[in-house]
Amino acid sequence: MSDLFPYQTYLKLSRFPTPWCPGCGNGQVLKTVCQAFLELNLPKGQTTVVSGIGCSGRSAGFFDLDTVHTAHGRALPVAEGIKLANEKLNVIVLSGDGDLLGIGGNHLLHAARRNTALKVICLNNEIYGMTGGQKAPTTRLGVKTITSPEGNQERPVDAQALVKGHGGFYARSTTYHHGHLKKALLAALQHTGFAFVEVKTQCITNNGRRLGFKDAYEMLMYFKNTFKVNDGAPRLAENDIGVTT
Ligand SMILES: Cc1ncc(C[n+]2csc(CCOP(=O)(O)OP(=O)(O)O)c2C)c(N)n1
Ligand code: SF4
Ligand SMILES: [Mg+2]
């Protein structure tokens, strides 16, 4: 660990480099999560990270903590089991939009309903990144992907409605808004019950380029220009970010 970067105490640097494409947002989220852990001084022996399958799901293996890389969509039931076995543990789930809102969507509904004290961080790149850019349940209407060449005809899943409709904590941020993202993560980590943070993040390789973005920087500028901070609102509009009440 470097003295210059104390958050790295939560990282298994021997595992680096990551397999992620240059410009992918996954590394930004990994770093911000570690910074939030450090700010709260989460004890390493009492903190565990669970993830599913996907590019984002690879995150778990880079923490210097006890971690589990589960089957696709199954991060939440595994995390719930861990929490049931030892309620003192801080159990954090870090996974993709396809994993948490598609194949694992049913688990999300029930974890929120039960108010299990999990902290769920959803890396939402609005695509199945790992498998090559198929339409995800989060892909916006009209967006072209390899499985929706004429534009997506299906409404995206409303994670906010699903989580808040069952009494959970919900916040949304982006990889551009680093300070805001950290604030949202800190609020979630300190929440006593079920908490969900949706992070809009960029997949330049299997989504952004197809949409006409030249590079990841352009995607970050898109986040900057599109999303407006609306902290404290009871409900966020489509292009708001914020910690909701
Ligand atoms: C049961 C099962 N079905 C399908 C797959 C193939 N698969 C691997 S990753 C993935 C999608 C991942 O998308 P997401 O969760 O959004 O993660 P990303 O790669 O975008 O970070 C799929 C469908 C699988 N591994 N297991
Ligand atoms: S394919 Fe997309 S989500 Fe996967 S590592 Fe590359 S940029 Fe990131
Ligand atoms: Mg995805």
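Just so it is clear, none of the values below were taken in a lab; they were calculated from the coordinates. All of these numbers come straight from a predicted model, not from anything done at the bench. Neighbour counts are summed over all protein chains in view; Cβ atoms, including those assigned to glycine, are modelled from backbone coordinates with ideal geometry.
Which order do the peptides 9-17, 237-245 come out in when sorted by mean C-beta neighbours inside 10 angstrom, highest first? Can you show the working numbers first?
Details: 9-17: 13.0, 237-245: 16.7.
Highest mean packing first, the order is 237-245, 9-17.
With bins 10 Å wide beginning at 0, the percent of Cα pairs of the chain falling in each bin runs 8, 34, 40, 17, 2, 0. With a threshold of 21 Å on the Cα-Cα distance, the over-threshold entries among K88/K183; K88/K119; K12/K83 are K88/K183; K12/K83.
Computed log10 I(q)/I(0) for segment 76-174 at 0.11, 0.22, 0.24 Å⁻¹: -0.36, -1.12, -1.25, from the Debye equation with unit scatterers placed on every C-alpha and solvent omitted.
Give me the Debye-computed log₁₀ of I(q)/I(0) at q = 0.16, 0.17, 0.25, 0.26 Å⁻¹ for segment 162-245, equal point scatterers on Cα only, no solvent, two decimals. The Cα Debye sum returns log10 ratios of -0.63, -0.69, -1.14, -1.19.
In square nanometres, what is one fourth of the surface area of the convex hull spanned by the alpha carbons of segment 1-141?
Working: hull surface 35.6 nm².
It is 8.9 nm².
If you count the DSSP beta bridges with both ends in the chain, what percent of them are antiparallel, to the nearest 5? Rounded to the nearest five, the antiparallel share is 15 percent. Excluding same-chain neighbours fewer than eight residues apart, the aspartates and glutamates reachable from K228 by a Cα-Cα span under 19 Å are E126, D158, E198, E218, E238, D240.
Net charge dipole, the chain: roughly 60 debye, given to the nearest 20, about the Cα centre with Cβ charges of +1 for Lys and Arg and -1 for Asp and Glu. Note that segment 161-210 carries a Kirkwood radius of 12.0 Å, evaluated over its alpha carbons pair by pair.
When the trypsin sites (Lys or Arg not before Pro) in segment 72-123 are filtered for DSSP coil states and for at most 12 other beta-carbon atoms within 10 Å of their beta-carbon, the remaining sites are K88.
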